[in-house]
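Participant: Sharing a structure with you now.
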Amino acid sequence: MNVFDRIYALHKQLAGARHPIAKTTLEARLECSPATIKRIIRDMRLYLDAPIEYDREYNGYYYAEAPNDRFELPGLWFNASELVSLLALDQLLETVQPGLLSADLAPLRRRVERILDSRAMGAGELSSRTRVLRATARAPGPAFAEVASALAMRRRLAMRYHGRGRNETTERRVSPQRLVYYRDNWYLDAWCHQADGLRSFSVDRIRAAETEDESAEEMATDALDAALGAGYGIFSGPAAATACLRFSAHAARWVADEQWHPDQQARWLDDGRYELSVPYAASAELARDIMAYGPDVEVIAPAALRRHVAERLAAASAVYAETDAESKL
């Protein structure tokens with residue numbers, strides 16, 4: 001049993017005890033010497049802020065817990081790799097949205113860093129050697145904090161929203177359901193009371209927002225997934241069709257390791273090509289991802305999606321044909 005196993009075992013003993021536990025009892029249950037018990041208690045006090053107190057009458061130890069404030073070990077602490085992963089997650093949170101969870105994570109982060117230091121695995125190097133690159137990321141906008149607050153308090157939100165598709169600003173009253181971080185940008189899934197239906201809003205396009213006193217309408221997670229997560233992409237909706245895509249042997253080296261959709265189906269062809277079937281509702285986002293592979297992918301079905309991609313590629317080709325013609329003048 002290593003030191004972390006013993007810390008966990010000691011915590012389990014003290015957390016479940018109604019009275020102080022004698023030192024000799026702890027030594028027997030943890031199968032270790034008096035010196036080891038003393039060292040574990042010292043480390044828990046020092047690195048985990050564990051409120052372990054000594055009781056002279058019982059010649060034993062107990063948790064000095066305040067009312068409604070039960071001591072718990074930090075999460076994800078069982079081995080060094082999990083601790084490093086937690087710090088990496090903290091670094092990622094700071095990169096994608098500075099300050100989003102800094103205050104909440106700070107006490108836990110300090111404890112984790114002290115545990116790492118105690119194992120001669122100082123955490124200082126991790127932050128300076130962790131790099132998170134973002135592509136096509138947009139600033140979350142001025143209303144992010146208000147949106148998150150309304151979501152957490154389960155209150156309705158009045159907001160002024162500018163939609164890119166129609167290039168117009170509308171006044172909305174919504175019941176926030178969840179925040180979604182997708183492709184380096186934030187989205188709000190919410191029940192829109194004007195549209196009387198579920199909608200996804202790009203948080204950076206919320207120009208202003210105000211939390212209302214009225215409670216938000218509640219929706220079950222499976223209902224949200226069925227309505228917004230069944231098809232392909234962020235603005236998916238219920239899947240209406242399945243795209244059959246055939247990738248070249250070259251592109252297959254990458255695509256075979258990717259998940260385009262949780263319900264995708266795939267198979268290798270005899271000539272090394274890779275066939276991927278993906279459920280989708282709206283074709284716009286899927287078509288953009290398909291076109292990113294250029295000549296390395298072909299839409300096999302459905303016919304409507306194949307025509308749409310072919311038309312977009314033809315339009316792009318025409319732009320370059322016009323440029324070539326102008327350059328010859």
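Only the coordinates and a few stated rules stand behind these numbers; no lab work does. Predicted model, so just to flag it, every value in this text is computed and none were measured. Methodologically, a virtual Cβ is constructed for each residue, glycine included, from the backbone with ideal geometry; neighbour enumeration extends over all protein chains shown.
Participant: In nm, what is the difference between 0.36 nm times the number of residues separating Thr25 and His162 and their Cα-Cα distance?
Facilitator: Fully extending the segment from Thr25 to His162 adds 42.7 nm.
Participant: Among 27-36, 136-145, what's the highest-first ranking by average C-beta atoms within 10 angstrom per residue?
Facilitator: 136-145, 27-36
Participant: Can I ask one more? Given 0.36 nm per residue, what is the gain on full extension from Ser149 to Leu46 after removing their alpha carbon distance, in nm?
Facilitator: Taking Ser149 through Leu46 to full extension adds about 33.6 nm, to one decimal.
Participant: Please find the FRET efficiency linking Ala321 to Met291, where r is the Cβ-Cβ separation and R0 is fixed at 22 Å, and quote it to the nearest 0.05.
Facilitator: Working from the Cβ atoms, E equals 0.80.
Participant: Pick out, in residue order, every one of the GluC sites (Glu not before Pro) in region 160-219 that is DSSP loop and has at most 16 other C-beta atoms within 10 Å; say none if there are none.
Facilitator: For GluC sites (Glu not before Pro) across region 160-219 that sit outside H, G, I, E and B with at most 16 neighbouring Cβ atoms in 10 Å, the list reads Glu217, Glu218.
Participant: Between Ala240 and Arg39, what is the spin-label point distance in nm, taking each point 7 Å from the Cα along the Cα→C-beta axis?
Facilitator: Placing both labels 7 Å along Cα→Cβ, they lie 6.7 nm apart.
Participant: Here's a follow-up. Can you pull the one-decimal nm distance between simple spin-label points at Glu72 and Ala17, each 7 Å off the Cα toward Cβ?
Facilitator: 2.2 nm
Participant: Answer rounded, prolate or oblate for region 260-315, using the Cα gyration tensor with square roots of eigenvalues a ≥ b ≥ c: rounded when a/c is under 1.5, else prolate when a/b is larger than b/c, else oblate.
Facilitator: Since a/c reaches 1.5 but b/c is at least a/b, the shape of region 260-315 is classed as oblate.
Participant: How many nm separate the modelled label positions at Tyr181 and Tyr63, each set 7 Å beyond the Cα in the direction of the Cβ?
Facilitator: Output for this residue pair reads 2.9 nm.
Participant: Would you please give the FRET efficiency between Arg134 and Ala314, computed as 1/(1 + (r/R0)^6) with r the Cβ-Cβ distance and R0 = 30 Å, to the nearest 0.05?
Facilitator: 0.40
Participant: Still on this model: If each residue's Cβ is checked for other Cβ atoms within 10 Å, how do Ile290, Ile41 rank with the fewest at the top?
Facilitator: Placing the least packed residue first, the sequence is Ile41, Ile290.
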